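The values are calculated or read from the model by the stated rules, or taken from the named source; none is laboratory data. Since the model is a prediction, treat every value here as computed from it, not as a measurement. We place every Cβ from the backbone using ideal geometry, glycine too, and count neighbours over all the protein chains shown. In case anyone asks, the SASA skips ligands and DNA or RNA and just uses the protein heavy atoms, side chains included. Shrake-Rupley method; radii C 1.70, N 1.55, O 1.52, S 1.80 Å.
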Amino acid sequence: MHQSPAVRGASPWSAAWQDWRQAVRVPSLWMNLALEDLRDRYRRTVLGVAWIAISFALFVGVKVLVFGQMSAASTREFAIFVTIGFGAWSFISSMVSDACGAYLHSRAWILGTAVPYPVYLLQAALRNWMVFSLVLLVMAVALLWKPTPWTPAALFAIPGLLAYFVTSVWLSALLAPLCVRYHDLLHAVQTSMRLMFFVTPILWMPGQNGVLAELARINPMTHYLAIVRDPLLYNHWPATSWRVVLLVNLAGIVLGAIAYASTRRKIAFWI
Amino acid sequence: MYLETSHLTIDFPVRKGPRDPFDFESRSAETGGEIHDIGGKPYVRALDDVSLALGAGDRLGLVGHNGSGKSTLLRALCGIYHPSRGSVRSDHDVSGIFNIHLGFRPEASGYRNVLLKGLIAGRSHAEIAAAVPGIAEFAGLGAYLHMPMHTYSQGMAMRLAFAITTAFANHILVMDEWIGAGDVNFQDKVVERMNSFFESADICVIASHNNRLLRKITNRCMWLDSGRVRAIGPTAEVLDAYESEAMSTKLESARQAALLRPRLDIPPEHRALWLTAARHGNEMEGKAVAWDVADYNVASIRVVVVAGDGNEQMVCTGSGRGTKFLGSWLRSGMTIALRDNVDGVLLAKLTYTD
């Protein structure tokens with residue numbers, strides 16, 4: 001588990017690769033750490049993690065009630081649109097901010113134990129997936145009111161979730177070291193995510209043309225939401241959105257690998 | 001089995017906000033490593049060219065004042081800090097205990113912390129479950145094992161940390177100075193466990209300010225000073241040199257103080273030296289010698305026993321006010337004297353009668 005002697009003094013790429021291999025081999029460590037994070041958050045509450053599902057359901061319910069009045073779409077279509085969109089958004093947005101804090105959150109562990117750093121990155125990713133799985137339950141219940149008939153095309157949402165998983169890993173590898181080095185980035189990212197919420201089609205439908213449609217088209221978040229929302233709501237495979245998501249993932253993996261490998265020797269000094 | 005460093009150098013980047021002034025001129029030489037700049041950025045040289053080679057069964061003690069680089073060296077041995085120059089090599093994993101707040105989840109129960117630490121050490125769930133009773137027994141936690149760790153006292157948390165780390169250690173263990181801080185019972189347990197740990201010819205590096213503890217459990221010592229190795233060798237040699245320097249530094253500052261504030265005459269009615277009942281640790285009871293001459297500008301004293309032939313044997317040195325446990329050492333008819341440590345002048349004298 002500790003960094004093996006061979007790792008020390010090796011090239012940054014092979015050392016980084018060794019780190020990831022070692023971390024992936026101990027899933028029960030990062031699973032238990034992620035579980036402990038969730039327990040910390042809901043310790044001494046009666047409802048515990050059920051709060052995640054409850055608060056999400058209430059949030060969506062109120063949003064549908066208020067913003068549904070302003071939407072041209074049918075209430076059922078808008079309700080599902082908001083539920084899936086907001087569910088996916090809340091995962092992405094909390095993943096982004098947790099990715100920023102992945103190392104900072106584990107500061108005491110980084111200075112106290114020689115655990116390969118990917119453990120902390122996977123811990124942050126898994127913690128968000130644990131939360132997201134409860135949100136997915138609410139989304140599944142909401143889909144009982146799906147306005148369109150069920151077709152096998154809905155299964156295209158599964159590779160969409162897989163793309164989310166890949167994103168959650170490289171996002172941590174990229175943002176965690178940068179936020180340790182540049183603390184301003186943490187606040188910059190959090191602020192911009194708050195703004196992104198409004199320019200992403202979550203509470204509004206983009207339509208076919210006009211400023212909103214253009215705004216949605218150039219926003220990669222739109223495409224991230226579409227690869228899960230479109231198959232479930234409209235039974236269709238959004239090819240353009242998939243191209244954007246794959247491209248972003250590809251770039252993200254490369255940047256994440258560079259960020260991880262070039263900072264791994266310095267994190268303990270910076271943090 | 002080996003643990004080696006060669007020309008190990010560690011530079012810490014000095015992190016500062018854009019508006020924090022950083023004054024290269026007013027650096028303090030008293031503690032910490034030397035500050036220098038690399039490419040216009042300030043760095044602290046925490047370790048400077050440290051080489052050591054330990055083999056099976058070696059127990060190395062680290063001494064040096066605060067900020068001399070002991071903790072940095074331990075972390076570098078563990079692989080937490082990567083060398084700026086030089087290298088660290090070993091053929092086994094290195095386990096470490098630093099401070100009890102690092103690497104524990106305060107909100108989680110002691111049991112959950114045992115599990116996490118076991119997983120980090122690469123143990124399976126079955127192996128961890130098998131180790132739990134031994135750890136609970138050593139730490140003496142009882143029902144507390146299933147309560148959150150933040151409800152533990154400092155001492156309980158320390159026992160648990162020590163028990164966990166030694167239970168899951170992979171042949172090479174490094175420990176930071178807090179280990180010498182527990183109560184007497186705990187320290188006895190530590191010595192006992194350390195000695196059994198070493199029967200398997202493992203390697204240990206322990207930093208401590210408790211020289212008595214180091215003399216008991218280490219065979220070699222390294223004296224660090226501002227990140228550089230002052231001395232490395234057999235424990236007795238290195239610690240004697242370290243203690244004698246500490247002593248002469250103290251004496252020197254007492255001498256300076258005596259120059260500024262000359263000693264006042266001690267009136268005969270002042271009680272300068274006396275014997276008192278005392279206990280040592282939890283068990284031993286007996287007499288202690290006590291003195292109080294601080295009000296007469298005496299900064300450093302020594303207590304001596306005067307033998308029949310007039311020769312004096314040192315009992316201890318100390319500041320102007322203090323006590324020293326004597327225990328069974330004290331005999332009826334013994335004469336004890338208090339002397340100023342700077343000029344050796346006799347301040348007070350008493351003879352013990354049973």
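I'd like the accessible area for A:Thr45: 1.4 Å probe, protein heavy atoms, all chains in place, Å² to the nearest 10.
Estimated to the nearest 10 Å², A:Thr45 gives 60 Å².
Does the range B:283-354 come out rounded, prolate or oblate, given a ≥ b ≥ c as the square roots of the eigenvalues of its C-alpha gyration tensor, rounded meaning a/c under 1.5 and, failing that, prolate meaning a/b above b/c? Don't skip to the answer; put the middle values down first.
Values: a/c = 2.15, a/b = 1.32, b/c = 1.63.
Taking the square roots of the gyration eigenvalues as a ≥ b ≥ c, the range B:283-354 is oblate.
Can you flag which of B:Lys216/B:Lys287; A:Lys63/A:Lys146; A:Lys266/B:Lys70; A:Lys266/B:Lys216; B:Lys41/B:Lys117 are past 27 Å Cα-Cα? Kindly include the intermediate steps, with their values, before the conclusion.
Values: B:Lys216/B:Lys287 25 Å; A:Lys63/A:Lys146 17 Å; A:Lys266/B:Lys70 20 Å; A:Lys266/B:Lys216 37 Å; B:Lys41/B:Lys117 37 Å.
Pairs exceeding the cut-off: A:Lys266/B:Lys216; B:Lys41/B:Lys117.
What whole-number value in Å² describes the accessible area per residue of the range B:51-135 for a 1.4 Å probe?
31
Where does the longest stretch of chain B lie that holds no GluC sites (Glu not before Pro) found in a DSSP loop with 11 or fewer other Cβ atoms within 10 Å?
Longest gap between qualifying sites, sites excluded: B:31-198.
Compute, for B:Asp188, the solvent-accessible surface of its heavy atoms (probe 1.4 Å) with the complete set of protein chains present, and express it in square angstrom to the nearest 10.
Here the residue's solvent-accessible area equals roughly 80 Å².
Can you give the helix-only mean residue ellipticity at 222 nm for the protein assembly as shown, where every DSSP H stretch with n ≥ 4 adds -39500 (n - 2.57) and the sum goes over all residues, rounded to the nearest 500 deg cm²/dmol?
-16000 deg cm²/dmol
Compute accessible area for the range A:99-138 by itself and then with all protein chains, 1.4 Å probe, and report residues whose area falls by 30 Å² or more.
In the range A:99-138, residues shielded by partner chains: A:Ala108, A:Trp109, A:Leu111, A:Gly112, A:Thr113, A:Ala114.
Give a quick list of chymotrypsin sites (Phe, Trp or Tyr not before Pro) in the range A:160-263 that DSSP marks as loop, anything other than H, G, I, E or B, with at most 16 other Cβ atoms within 10 Å.
On the way: sites: A:Tyr164, A:Phe165, A:Trp170, A:Tyr182, A:Phe197, A:Phe198, A:Trp204, A:Tyr224, A:Tyr234, A:Trp242, A:Tyr260; in loops: A:Tyr182, A:Trp204.
Answer by residue number: A:Tyr182.
What range in chain A is the longest one free of trypsin sites (Lys or Arg not before Pro) that are in a loop by DSSP and have at most 12 other Cβ atoms within 10 angstrom? Don't skip to the end; give the middle numbers.
On the way: sites that count: A:Arg25, A:Arg43, A:Arg44.
Between exposed loop sites, the widest span is A:45-271.
Report the calculated FRET efficiency for B:Asn311 and B:Asp49 (r = Cβ-Cβ distance, R0 = 60 Å), to the nearest 0.05.
Calculated value: 0.85.
For chain B, find the longest principal axis of its Cα atoms and tell me its angle to the long axis of helix B:154-168, 0 to 90°, nearest 10.
Roughly 50 degrees between the two axes.
Have a look at the range A:19-51 and report residues whose accessible surface goes down by 50 Å² or more when the remaining protein chains are included, against the chain on its own, probe 1.4 Å, ligands and DNA/RNA excluded.
Going by heavy-atom accessible area, the residues of the range A:19-51 that drop by at least 50 Å² are A:Leu29, A:Asn32, A:Glu36.
Taking the Cα centre of each part, how many Å lie between the range B:50-69 and the range B:245-322?
Between the Cα centres of the range B:50-69 and the range B:245-322 lies a distance of 33 Å.
For the range B:216-354, what is the accessible area per residue in Å², given a 1.4 Å probe and the full set of protein chains?
57
Roll a 1.4 angstrom probe over the protein heavy atoms and tell me the percent of accessible area of the protein assembly as shown that is carbon or sulfur.
Carbon with sulfur: 60 percent of the solvent-accessible area.
Quick one: accessible surface of A:Val211, probe radius 1.4 Å, all protein chains present, in square angstrom to the nearest 10.
Around 120 Å² of this residue is reachable by solvent.
Each residue of the range B:309-322 in turn: what ³J(HN,Hα) in whole Hz from Karplus with 6.51, -1.76, 1.60 and θ = phi - 60°, glycine and Pro shown as x?
Couplings: 7, x, 6, 10, 10, 5, 9, 6, 10, x, 8, x, 9, x Hz.
For the range B:86-133, state which residues have at least 50 Å² less accessible area in the presence of all protein chains than in their chain by itself, taking the probe as 1.4 Å and leaving out ligands, DNA and RNA.
B:Asp93, B:Leu102, B:Gly103, B:Arg105, B:Glu107, B:Arg112, B:Leu116, B:Leu119, B:Ile120
Treat every Asp and Glu Cβ in the protein assembly as shown as -1 and every Lys and Arg Cβ as +1, leave all other atoms uncharged, and give the resulting dipole magnitude about the Cα centre to the nearest 20 debye.
Once rounded to the nearest 20, the dipole reads 1640 debye.
Quote the total accessible area buried by chains B and A together, excluding ligands, DNA and RNA, probe 1.4 Å, nearest 100 Å².
3200
May I ask you to give the solvent-accessible area per residue for chain A, in square angstrom, as obtained with a 1.4 angstrom probe?
Spelled out: the 1.4 Å probe surface of chain A, per residue, equals 46 Å².
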